[in-house]
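J.: One structure, pasted below without further comment.
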Amino acid sequence: VGEDLYEVVLKIEISAKAEQGTAFQLELLYAGLFALQGVPEEQLQPFLLAEAPRLLFPFARKLIADATVEGGFPPLRLDPIDFGGLYMQGAAQRQAELTGGQAGDVTGQA
């Protein structure tokens, strides 16, 4: 049985400003390689855009906190991200664009 390999990359850019100028800038590219087997085509995109980033994010978040501490700053702890919710919001927006309606019309929100 064959496996398909997919690379998912989180790109996080952070810039901290102070009155004197930029305190620090941080850019993190954090990737995961996912071997998927038997995933139906209609579930592939939701996995790659919602579930895979959800699995990677805690590790990227830890790296960012550690990097800021090692740079002499308090740990920067990013808030959790609802990747599933973001995916659903994007899907609703794409559907609205296809049908010519508003994203709120598709999701039931005003």
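The values are calculated or read from the model by the stated rules, or taken from the named source; none is laboratory data. Computed from a prediction, not measured in an experiment: that's the story for all the values here. FYI the Cβ positions are ideal-geometry reconstructions off the backbone, even for glycines, and counts take in every protein chain you see. In case anyone asks, the SASA skips ligands and DNA or RNA and just uses the protein heavy atoms, side chains included. Shrake-Rupley method; radii C 1.70, N 1.55, O 1.52, S 1.80 Å.
J.: Quick one: residue 69 ticks every box in (1) touching a strand residue (DSSP E or B) at 6+ places or on another chain (Cβ under 8 Å); (2) at pLDDT 95 or above; (3) of a type in the set (Val, Ile, Thr) bar one, so which box is it?
T.: The single condition residue 69 does not satisfy is (1).
J.: Collect the residues in segment 78-89 that are in contact (Cβ under 8 Å) with a residue 40 or more places away in the chain and assigned to a helix (DSSP H, G or I), keeping them in residue-number order.
T.: 87
J.: Please go through (1) at pLDDT 95 or above; (2) open to solvent by less than 90 Å² (accessible area, probe 1.4 Å) for residue 4 and return the number of the only condition it doesn't satisfy.
T.: (1)
J.: OK, next. Can you tell me which residue in segment 64-77 is nearest to residue 31 (Cα to Cα), limited to those that are open to solvent by less than 80 Å² (accessible area, probe 1.4 Å) and in a helix (DSSP H, G or I)?
T.: Here the residue is 64.
J.: Same structure again: Counting only residues that are open to solvent by 100 Å² or more (accessible area, probe 1.4 Å), modelled with pLDDT under 95 and assigned to a strand (DSSP E or B), how many does segment 26-47 have?
T.: Residues flagged as open to solvent by 100 Å² or more (accessible area, probe 1.4 Å), modelled with pLDDT under 95 and assigned to a strand (DSSP E or B) within segment 26-47 amount to 0.
J.: Same structure, new question: If you go through segment 29-66 one residue at a time, how many are touching a Phe, Trp or Tyr at 6+ places or on another chain (Cβ under 8 Å), of a type outside the set (A, V, I, L, M, F, W, C) and within 18 Å of residue 84 (Cβ to Cβ)?
T.: Here the count works out to 4.
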